[in-house]
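Taking it in order: structure first as structure tokens, then the write-up.
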């Protein structure tokens, strides 16, 4: 699991941590402009084979040098992995990150008890 803004950082979050511990930890992570393509580009650079990318964002996005759909297409082509991507926005600011013509990309907005199931179903196809 990684966190990112304009840089990528491995997060020291474990399954044994309580939600309040995770929230306190995340408050201490330095933030900056959000480059949503960064995790995909780093995975490509390091040749990390991922089937799924999940981004959870507050919707304060900043495009960076490459748009997400372009980064995902390049990742899929160069590593020959049919990777899927979900961008989950915890607040709605009228964003769209996924390419609506790409069946392997999905935007979801808000938090509800069924959101994890929707994301899991999408990743499983």
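Since every read-out is calculated from the coordinates, none of them should be taken as a lab result. Predicted, not measured: the structure shown is a model, and the values here were computed from it. Counting neighbours? That spans all protein chains shown, and the Cβs are built from the backbone with ideal geometry, glycine included.
State the three equivalent ellipsoid semi-axes of region 38-99, derived from the C-alpha gyration tensor as the square roots of 5 times its eigenvalues, in descending order and whole Å.
Details: eigenvalues 92, 26, 19 Å².
So the three semi-axes of region 38-99 are 21, 11, 10 Å.
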Handout entry: Descending semi-axes in whole angstrom, ellipsoid equivalent of the chain, from the Cα gyration tensor
Key = 22, 18, 16
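Could you check what % of the DSSP bridge pairs in the chain are antiparallel, to the nearest 5? Write down the numbers at each step before the final one.
Working: 3 of 15 bridges.
Bridges in the chain are about 20 percent antiparallel.
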Practice task
Give the order of 5, 121 when sorted by the count of other beta carbons within 10 angstrom, beginning with the fewest.
Solution key: 121, 5
